[in-house]
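Reading through the C-alpha cells given below for one structure.
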Amino acid sequence: MKKLIVTADDVGLDRGMTSGAIEAHRNGIVTACSIVANGREFEDAIARLRDHPSLEVGVHLTLVEERSLTIGETMPRNWMRFLFSRFGDIEGEMRLQIERVLVSGLRVTHLNGHQHLHQLPRVRRIVRRLAAEYGIRYVRVVNDRGGKRRRPLIAILNRLGDRTGHTIGVAEAGHLTAKRIIELLDHVDGTTELVAHPGVNVGGYTHWRYDWDRETAALCDPRLRSAIAERGIELIAPSHV
C-alpha cells in the first residue's frame, strides 16, 4: 500500500510560515508540520497549533541560522559553516528543543532537521537516540525521488541517508506547484514524505528566495486529492507509520 505524509516545515520561524502550514492543512493535503523550537515566532505557533489538533506536530531540529537555546548565540549560517564550526553540545541543544515543544503540551510525533542536518552521520546517531528516548517513532530520512532542482546537493543528502525512507519535494523546496506535486506522486513508494514549505505573506527570510504563497496555493489545489486517490495512495500523518 502506498502511503503519503505531507509535512510543512519551518513553522515558528515566521508567522506567515505558521499560517501557511495551517491553511494547507485546513484546505489542502498537509497532514503534519515541523516547528522550530528556537524560532522567532515559536510562542505564536504553539498557541495557534493548539487550535488545530488534527495537524500533527514534529520538531524541526535546528542547528544553523537561528539562536541556540543552550548558549544563546546565533548558530552558523548554513550547513557548510556548521561542518567547520565548533558547535559544542549538539545533543544538549536538540534535547532542549524537543523538550521545549513537549512542555507546551503538544504531542510530538516526528523529528527532522533544518537544512536536513539530521542526515549527517554524527547528528543522525544522536537524533535516533533522542527519538527512542522520547518515544518519537518517525524520523525523516531524506531519500529524494524525482527531483529536478539542486541535483548535486540532493545526491549528497541521499547518500547520507540510510535508505529506509523515501521523500519527494526536497529538491523543489519553496518552488512546488500543483502540477509538479502531481508529477512527483508517481514516485511515491511504500511510505513516502512530501516535504513542503507553505507560507502566507512571509515577512522575513527573503534570502531563501522561496515562493511561499504559491506553494500554499499548490498544496490547497483540489486536483491533488483526486490525483492521490487515482494512484491508490493513502494520505496519512506520521503517527500512522
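Annotations
- Residue ID - surrounded by the fewest Cβ atoms within 10 Å (Cβ to Cβ), chosen from residues in region 182-201 that are within 16 Å of the chain's Cα centre (by Cα) and either outside any strand (DSSP E or B) or acidic (Asp, Glu) (or both): HIS197
- Count of region 128-142 residues which are closer than 21 Å to LEU13 by Cα and outside any strand (DSSP E or B): 1
- Restricting attention to region 8-54 and to residues that are of a type in the set (Val, Ile, Thr) and under 21 Å from ARG225 (Cα atoms), the residue that is surrounded by the fewest Cβ atoms within 10 Å (Cβ to Cβ) turns out to be ILE29.
- First in region 33-45 and charged (D, E, K, R), second anywhere and surrounded by 24 or more Cβ atoms within 10 Å (Cβ to Cβ) and part of a loop (DSSP other than H, G, I, E, B), Cβ under 6 Å, 6 or more apart: GLU41/GLY12
- The set of residues in region 55-72 that are over 23 Å from VAL141 (Cβ atoms), crowded, with 16+ Cβ neighbours inside 10 Å and of a type in the set (Val, Ile, Thr) contains only THR70.
- Residues in region 136-143 include at least one that is at pLDDT 90 or above and farther than 27 Å from HIS175 by Cα.
- If you go through region 202-230 and keep only what is loosely packed, with under 13 Cβ neighbours inside 10 Å, in contact (Cβ under 8 Å) with a residue 12 or more places away in the chain and not in a helix (DSSP H, G or I), you end up with GLY203, ARG209.
The values are calculated or read from the model by the stated rules, or taken from the named source; none is laboratory data. A quick note: this is a predicted structure, and the numbers were derived from the prediction, not measured. Reconstructed Cβ throughout: ideal geometry from the backbone, glycine too, with neighbour counts over all protein chains shown.
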